[in-house]
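Only one structure is covered here, and it is reproduced in the block below.
Rule-based calculations on the coordinates, nothing more; no lab input. The structure presented is a predicted model; accordingly, all values stated were derived computationally and were not measured. So basically every Cβ, Gly included, is an ideal-geometry build from the backbone, and we count neighbours across all protein chains shown.
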Amino acid sequence: MSVDAGEQAALIETVVTTTGSDGVVNCAAMGVRWGEEQLVFWPFNSTRTLANLRFRGEAVVHLTDDVLLFVQAALGHPRPPMRPANAIAGSVIEEVNSWREVVVSEITPTDGATARSRVRARVVAAGTGTRQPHGLCRARHAAVEASIFASRLKWLGGERVLGELARLQELVDKTGGPCERAAMAYVCGYVAERA
Ligand SMILES: Cc1cc2nc3c(=O)[nH]c(=O)nc-3n(C[C@H](O)[C@H](O)[C@H](O)COP(=O)(O)O)c2cc1C
């Protein structure tokens, strides 16, 4: 079943590349409502992603189950191998499951108190990357959840976040492989430096 209303579709966690006025490519983890012809996402107003989208109006949105890349894009500034996009002046991460190249059609402020903007973007090209999807894995989802807690450390506080990480670590230990363990270690290192 394909849903194209954008905001009805499932929120998929993606890695979004955008290019700044200085030519630097930024990778950011971002939840995206995934339609066939249109994607909708909500960057915080403070993000480089939103600044870049305002400047160029183009992005590449990647699906990947490489959870290490995902948590690095959420908490740091990864530089994975990339190549030029096909239909826009953007950058495609090579080792992903698939990607979509998009052109922004509308940026609007949201009503809530969350200081985000809503971005609607039209899909203009798509492709598949070199990474085969590996299916569902509890440890991968645990590492994604851990990265969300880490990204909210300032609001939730160290005690709460460390407690959540300990719970999620059990899942990673039980069901993870090297990539999931490395992702969880990256998140724990990020929190340990700041908590
Ligand atoms: C699971 C997950 C989902 C996220 N979704 C969003 C999002 O929808 N919007 C957003 O602005 N940041 C989101 N983030 C946080 C960004 O990935 C992070 O702030 C990143 O550094 C983007 O900032 P930048 O564009 O300045 O690089 C998410 C983080 C995680 C772990």
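One Cα centroid belongs to segment 99-175, the other to segment 60-82; the line between them spans 10 Å. Summarising the amide proton neighbourhood of A125: residues at separation of 5 or more, or on other chains, whose placed amide H is nearer than 5 Å comprise E101. Here Q8 and E193 are evaluated by their C-beta separation; at R0 = 45 Å the FRET efficiency comes out at 0.70.
Going 7 Å from the Cα of H134 toward and past its Cβ, which residues in segment 152-174 have a backbone nitrogen under 20 Å from where you end up? Under 20 Å, as judged by backbone N against the label point of H134, lie 168-174 of segment 152-174.
For the chain, the longest principal axis of the Cα atoms and the long axis of helix 158-175 meet at an angle of about 90 degrees. Extension gain, A87-R48: 0.36 nm per intervening residue step, less the Cα-Cα distance, totals 11.8 nm. Classification of segment 16-96 by its C-alpha gyration tensor yields a rounded form. The axis ratio a/c (a ≥ b ≥ c) stays under 1.5. Obtain the nm distance between the two label points defined at W155 and S105 by a simple spin-label model: each point lies 7 Å from its Cα along the Cα-to-C-beta direction. Using points 7 Å along Cα→Cβ, the separation is 2.9 nm.
Classify segment 1-147: rounded, prolate or oblate, from the alpha-carbon gyration tensor (a ≥ b ≥ c, eigenvalue square roots; a/c under 1.5 rounded; otherwise prolate if a/b is larger than b/c)? Rounded.
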